[in-house]
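What follows is a single structure, written as structure tokens, with notes after it.
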Amino acid sequence: PMRLTVEDNTVHERIGPIDTPLSMEVTNFLLDHPDLASWLVRKLKIAPYVIEMRGPRLSWANDGDGTTGFIELVDVQEGKRAYYTEGTHAAKMVPNISASAVVLMELAPVQKPGCGPHVVSSFDVYVKMRNLFVSAMVRMLKPFIKGVIIRKFSRAFSVAHQVGVLLATKPEETKRTILSYPGLSAKDRAAAEKLLDSIKPEARECLGAS
């Protein structure tokens, strides 16, 4: 399915680079626990995301705005992750949009003078529509609908960045909230506490885009 989605995509977009004020270790922890990251931004009323783990590498996501689906972490290498997702967006003006998507993520640590560790991430997002009518419409109405669909099917991957900004601007409050997440095992809570203790507040000038 991944190869077919990439080779026969309806829309493709490269997103990024996105500068996140987190170390690579904390970034990887959040990416490995998307349910925790979504719970945090929902609890703090930043975004209505819901992500539930259905297996070690499989999760179900709802962006709170009509898009739901499954996300599978297919491959992890140093500085790279590959995801496959199948989902549906309940649209108002057109039939429901059913699609598969492949998200290829690249991550690299960066160090800015006077700042803490950051991670710069980029995404290649390939979306293959399953509804022929919507697919034809998307091809005719690019780039507007293209942008909307790409955002919809990549939104779940922005959660770690939002948590990074929270940790950089409100580290103590955010740490306490993260560690109160009931879905963490004792082992994961200990690992999270150790990682979070290494985070220091960032100066405002360190939070700009890369």
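The values are calculated or read from the model by the stated rules, or taken from the named source; none is laboratory data. The shown structure was predicted, so the numbers you read here are calculated from the model rather than taken from an experiment. Every residue, glycine as well, gets a Cβ built from its backbone with ideal geometry; the counts of neighbours run over all protein chains shown. Note: accessible area is taken over every heavy atom of the protein model, side chains too, but ligands, DNA and RNA are not part of it. Shrake-Rupley method; radii C 1.70, N 1.55, O 1.52, S 1.80 Å.
Filtered by the rule that a residue be touching a strand residue (DSSP E or B) at 6+ places or on another chain (Cβ under 9 Å) and either within 23 Å of Tyr126 (Cα to Cα) or buried (at least 18 other Cβ atoms within 10 Å of the Cβ) (or both), the stretch 37-46 gives Ala37, Ser38, Trp39. Within the option set Leu40, Leu30, Leu36, Leu44, being touching a Phe, Trp or Tyr at 6+ places or on another chain (Cβ under 6 Å) and either of a type in the set (Ser, Thr, Tyr) or under 20 Å from Ser180 (Cα atoms) (or both) holds for one residue only, Leu36.
Of the residues making up the stretch 200-210, those that are assigned to a loop (DSSP other than H, G, I, E, B) and open to solvent by 70 Å² or more (accessible area, probe 1.4 Å) are Lys200, Pro201, Ala209, Ser210. Checked against the criterion of being closer than 18 Å to Ala160 by Cα, free of Cβ contacts under 8 Å to residues at least 12 places away in the same chain and among the aliphatic types (A, V, I, L, M), the candidates Val76, Val103 yield just one match: Val76.
For the stretch 168-199, residues that are open to solvent by less than 40 Å² (accessible area, probe 1.4 Å) and either of a type outside the set (A, V, I, L, M, F, W, C) or closer than 19 Å to Glu52 by Cβ (or both) total 8.
For the stretch 142-178, a tally of residues being at pLDDT 75 or above and of a type in the set (A, V, I, L, M) returns 6.
From the list Glu25, Glu52, Glu72, the lone residue that is closer than 29 Å to Thr169 by Cβ and touching a Leu at 6+ places or on another chain (Cβ under 7 Å) is Glu25.
For the stretch 115-138, filtering for residues that are outside any strand (DSSP E or B) and either of a type in the set (Phe, Trp, Tyr) or modelled with pLDDT of 85 or more (or both) leaves 3.
Look at the stretch 23-48: where a residue is at positive phi, no partner that is open to solvent by 60 Å² or more (accessible area, probe 1.4 Å) sits 6+ places away or on another chain with Cβ atoms under 9 Å. Within the stretch 196-210, being under 16 Å from Thr20 (Cα atoms) and either at pLDDT 90 or above or of a type outside the set (Lys, Arg) (or both) holds for Leu196, Ser198, Ile199, Pro201, Glu202, Ala203, Glu205, Cys206, Leu207, Gly208, Ala209, Ser210.
Select, from Asp19, Asp75, the only residue that is crowded, with 17+ Cβ neighbours inside 10 Å, of a type in the set (Asp, Glu) and assigned to a strand (DSSP E or B).
Asp19
Cβ separations smaller than 6 Å between residues 6+ apart or across chains give the following pairs from the stretch 181-210 residues that are under 25 Å from Asp35 (Cα atoms) to residues that are charged (D, E, K, R): Gly183/Asp35; Leu195/Glu25; Leu196/Lys175.
Would you point out which residue out of Phe29, Phe70 is open to solvent by 40 Å² or more (accessible area, probe 1.4 Å) and either more than 12 Å from Val159 (Cα to Cα) or not polar (S, T, N, Q) (or both)?
Numbers: Phe29 fails: open to solvent by 40 Å² or more (accessible area, probe 1.4 Å).
Phe70 is the lone residue from the list that is open to solvent by 40 Å² or more (accessible area, probe 1.4 Å) and either more than 12 Å from Val159 (Cα to Cα) or not polar (S, T, N, Q) (or both).
Please verify whether the stretch 51-59 includes one or more residues that are among the acidic types (Asp, Glu), in a strand (DSSP E or B) and under 22 Å from Leu40 (Cβ atoms). Looking for residues that are among the acidic types (Asp, Glu), in a strand (DSSP E or B) and under 22 Å from Leu40 (Cβ atoms), one finds at least one in the stretch 51-59, hence yes.
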